[in-house]
Structures are given as structure tokens and as C-alpha cells.
1. Could you rank 252, 120 by how accessible they are, 1.4 Å probe, largest area first?
2. Using only C-alpha positions, report the orientation-averaged shadow area of the convex hull of the chain, nm², one decimal.
3. Using a Förster radius of 25 Å, what is the FRET efficiency between residue 72 and residue 19 based on their Cβ-Cβ separation? Nearest 0.05, please.
4. Going 7 Å from the Cα of residue 303 along its beta-carbon direction, which residues of region 282-296 have the amide nitrogen within less than 14 Å of the resulting point?
5. Nearest 20 debye, what's the magnitude of the dipole of the chain about its Cα centre given +1 on Lys and Arg Cβ and -1 on Asp and Glu Cβ?
6. May I ask you to list, by number, the DSSP H helices of the chain whose Cα span along the axis is at least 24 Å and whose average Kyte-Doolittle hydropathy reaches -1.0 or more?
7. Quick one: length gained pulling residue 334 to residue 101 fully straight, 0.36 nm per residue minus the C-alpha distance?
8. Expressed as a whole number of Å, what is the distance separating the alpha-carbon centroids of region 331-397 and region 181-256?
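The values are calculated or read from the model by the stated rules, or taken from the named source; none is laboratory data. These numbers were taken from a predicted model, which means no experiment stands behind them. A quick note on method: Cβ atoms are made from the backbone with ideal geometry, for glycine too, and the neighbour counts reach across all protein chains shown. When the accessible area is computed, the model is the full protein with side chains, heavy atoms only, and any ligands, DNA or RNA have been set aside. Shrake-Rupley method; radii C 1.70, N 1.55, O 1.52, S 1.80 Å.
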Amino acid sequence: MSNPHRNRFFGGEVDWFTVVLWLLLCAIGWFNIHAAVFDPEHPGLFSMETNYGKQSIYIFSAMLLAVAILIVDAKFYSSFSPVLYAITILLLITVLIVGRNVGGNQAWIPIGSFRLQPSEFAKLATCLLLARFLSAHSTKTPNLKTLFTGATLVALPVLLVLLQPDTGSALAFFALVFVFYREGYISGPWMLFGALAILLFVLTLAFNQWAVIGGVAVVIGLGIYYFRKKRKIITSLIVLFAIAFVYVLCVEFVYDNVLQSHQRNRIDVLLGKIDDPRGEGYNLNQSMIAIGSGQFWGKGYLQGTQTKYNFVPEQSTDFIFCTVGEEWGFVGSMVVIGIYLTLLLRIVNIAERQRTAFARIYAYGVASILFFHFAINIGMTIGIVPIIGIPLPFISYGGSSLWSFTVLLFIMLKFDANKKGIV
């Protein structure tokens, strides 16, 4: 039986299972940050001289944010979404003017000893405004005009983030393609074409472009032979081959002229085209050594040698999963991955039970952004995707990322608790 006092306080029945998953990930993050940057001169878990001490403050403040979000009326987030989007756009412009350059990216605005990263909050603002816009057209048949306008809302912050330049954060916005797919603006075949385009891009970089074109020609030829009695399909296959031919020829130009040198080098290391364990391949090499050395059960808390002697750069932020792999081993890594997958499935379940289009669309936006960060961050630490520098949600060190992901998640929980609808 539900608690009426709890319902009055938060305006509905909160999904506490999701809250527990969030707390678990925050706790896991804090302990692993402690292990990654442990300082014997400041052994206290809450020492403000260390990253783990600062992270404890970030987690506590995130809890306060979560409670505040659940108390505020759900309609406020829908009404405030255009203002929040405008503020984040202004912040993204501001960071290009007064931002601090860290690691080649001018992505942070210094506020005393704290650094605010507007791109993290831009994901939240974009999800909210996109949900508001698409929900206003939810009773109409999906059309190109609505798709174009919605895509423009996503493209604007992407372009500003690329100017920093922060490719990793910019790519995270593209995960919102799943929102357009769920709402019927992008069909299954177009999603398949997108996946094939990525595959052709990778194959062209890994092998000779003419070999790739030859392979495509063979596949198309087999298709033409199989559908030899259907002229329309044959015509479509010929057009598809022509598009693939031009696309493959353009890959090398894009690779050489659009991507930055360090991005090209990271891709080359991943594809095995260059072997540079002390240069561009250093991070990936040390990351895989750290994770592999944990074996099945791990070396134990604060016992990781790769972690203790700082072999892996950025180990409390982008490469925090290395600490999990080394000290917790395969078992601990699977537990962390299992918690993430459970959270993602829970969010999808929450999305599907919403009574309003706004809440459903927003929840899918949350799932898309979290899935991208989870998959890419872990993928880059184990060497299956290029290193692009994005945090692991709720676990990586940093106030901006923790707060933005927390707000992103708890606004969804507020919508879910508001059973009477939002708009």
C-alpha cells in the first residue's frame, strides 16, 4: 500500500528502484575515484584536498538536487524548457570566449576553483526542448518538416560543442536519433543505412578503398541476380551501388580534412594501422593492461598497481572503468555493467508506461544519452571504439557530469511520478 505522505511530498509515487540504482552507481564511482587517486598524505575519505573528497560534496549536492527536482511541479520543466535551452546555448557561446582550455578543448567556464562544463547541461536542455516540440506534433503524421526542425534543435548545440572542439560530447547528441526512430520520424531501413554507412567508413579506413568497392559490387551483384526478374529492385540496387561508390571515395577526404590529427591517430591505433604504445596508443595500451591484470576476481581495493602508480592518464574521469577492471576484476566489471543495463531497461520500461507524449519522448532521450555514454566510455577503455573522451555516467569524477546526469534522470522520475500527466 502506497504511503500518502510520501505521495503528497513528491507529487506522486517515485520509482525508488531506479533511485537505488542511481545511488549504487554514485557509490561505486566514489570508491573507485578514491582508489584511482588515493593520496596517503590525505587518507581521509572526505579530504577536500583530493578528488574523492570533492566528489563526496558533488554526490551530496546531487542528492539535494534530486530531492528539489522531485518537489517541483512537473509542468515547470516543460514550460521552462525553451528558457533552459536558450541559457545553455548562451553558455556554449560564452565558453568559446572566456572558457578555459584543458587538454586541447575550450569546454570549461572557471568559477573560482570549480569548472562548469556547459556541454553536459546542453544535453539535458536539448532533451527537454526536443520532447516539448515533438510532443506538440505527436497527434500528427510524422513529416519531414517536423523532422528537420527537431534535428535543427539538436544540431545547434552540436555545432557549438564542435567549435570547442569537443568531438566526444558532440557525438553524444547523435544518440537522440533513437528518439526520432521511436516516434516514427526515421524508419528501420534508414537506421540500417546509417549502420551500413558507419560499417563502410570503418572498412574503408581498415582496407584499401577499391577492395571495399569491390566487395560492395559483389554483394550488389548477388542481389541483382537474386531479384533479376524485378526491375524496380534492380534499379534501386544500382542506385545504392552508385551512392556507396561515391561515399567510399569520399571517406579518405573526410578522414584527412575533417578529423584532427590526434583523432586520426587514435583511429589508426585502434585499427592496428600504427603501433605507438608510448605515444597515441599509450592510454589505450595502459588501459587494457590495467583491466586485463584484474583477471577474474580483481587485485582488491586499493591494490591495483596500474592504478596506484598512475600508469593510466585520466583514470578518475574518462578511464575510471580501468580501476573497476583492475581492482574488481571480471566479476566486478560485470556487476557494474549489469547495473547499467538494468537501469537502461528500467528507463525504457518507464518511458513506455507514460501517459503523455512529452514524458515518453523525454524518457527515451534520457535512455539514449545514458546508453551512448555507457557504451562508448567502456568501449574505448577495452579498445573496441576510438578514444573520444566522455565520462561514465554517475561514476566518473566531476561535478558538471554528475549533476547534469542526475538532473536528466530525476526529471524523468518526476514525470513518471506525476501520474495525472504533464502537459
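1. I get 252, 120, largest accessible area first.
2. Averaged projected area of the chain's Cα convex hull equals 24.0 nm².
3. 0.90
4. In region 282-296, the label zone of residue 303 (backbone N under 14 Å from the point 7 Å along Cα→Cβ) covers 293-296.
5. 1860 debye
6. What comes out of the filter, once short or polar helices are dropped, is 16-36, 51-71, 74-98, 118-136, 144-162, 188-206, 209-226, 231-257, 320-352, 357-381, 399-417.
7. 80.3 nm
8. What the calculation gives is 29 Å, centre to centre.
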